[in-house]
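The values are calculated or read from the model by the stated rules, or taken from the named source; none is laboratory data. Keep in mind that this is a model prediction, so the values were computed, not measured. Glycine also receives a Cβ, built like all others from the backbone with ideal geometry; neighbour counts cover every protein chain displayed. These area figures cover heavy atoms from the full protein model, side chains too; ligands, DNA and RNA do not enter into them. Shrake-Rupley method; radii C 1.70, N 1.55, O 1.52, S 1.80 Å.
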Amino acid sequence: CTWQGCRVYNAQMSFTFNEDYLIMISGTRIFDLSVQESREGVMDELSVMMRFVEVVGEQGFVCSSVNGLEAGYVFSVAVSGEGTLNPVWHFATDTGDVYINAVTGRVETVS
């Protein structure tokens, strides 16, 4: 799924077909959102790259190349049922993906 042209990394839909018929749709759909429209306080590319270098040093993440950097969102749902899109930066590396929260600088787990 996307929101305003940016990918929502943990909101994916799966469509299961049996021959020519759709038999099941599963996944996470974005609904009942509260989104902070302001870009104030969001890290720019240079700042998040510096944070990535810190994360590599602090957490011992091993990689030899960064193959891509993309802005996007992680969708989270509160107990009340209201969903929130949190801005993240996605680093595609040769050993895996790293998601850094664009506001807090913390590493996000995306499942």
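Compute the length gained on full extension between GLN4 and ALA92: take 0.36 nm times their separation in residues and subtract their Cα-Cα distance, giving the result in nm to one decimal. Before the final figure, lay out the partial values.
Values: separation 88, 0.36 × 88 = 31.68 nm, distance 2.11 nm.
Between GLN4 and ALA92, full extension yields an extra 29.6 nm.
Test of understanding: what is the full-extension gain from VAL42 to ILE25, defined as 0.36 nm times their sequence separation minus their Cα-Cα distance?
On the way: separation 17, 0.36 × 17 = 6.12 nm, distance 3.42 nm.
Value of the extension gain: 2.7 nm.
With all protein chains kept in place, the per residue accessible area of segment 57-111 amounts to 54 square angstrom at a probe of 1.4 angstrom.
Normalising by the residue count of the chain, find the relative contact order in percent from Cα pairs under 8 Å and 6+ residues apart. Before the final figure, lay out the partial values.
On the way: 182 pairs, mean separation 27.9, N = 111.
Result for the chain is 25 percent.
Accessible surface of the chain, 1.4 Å probe: 51 percent of it comes from carbon and sulfur atoms. Label point of VAL103 set 7 angstrom out along Cα-Cβ; within segment 43-74, amide nitrogens under 15 Å from it belong to 43-44, 72-74.
To the nearest ten degrees, helix 45-59 and the longest principal axis of the Cα atoms of the chain are 80 degrees apart.
With the Kirkwood sum run over all distinct C-alpha pairs, the chain has a hydrodynamic radius of 15.5 Å.
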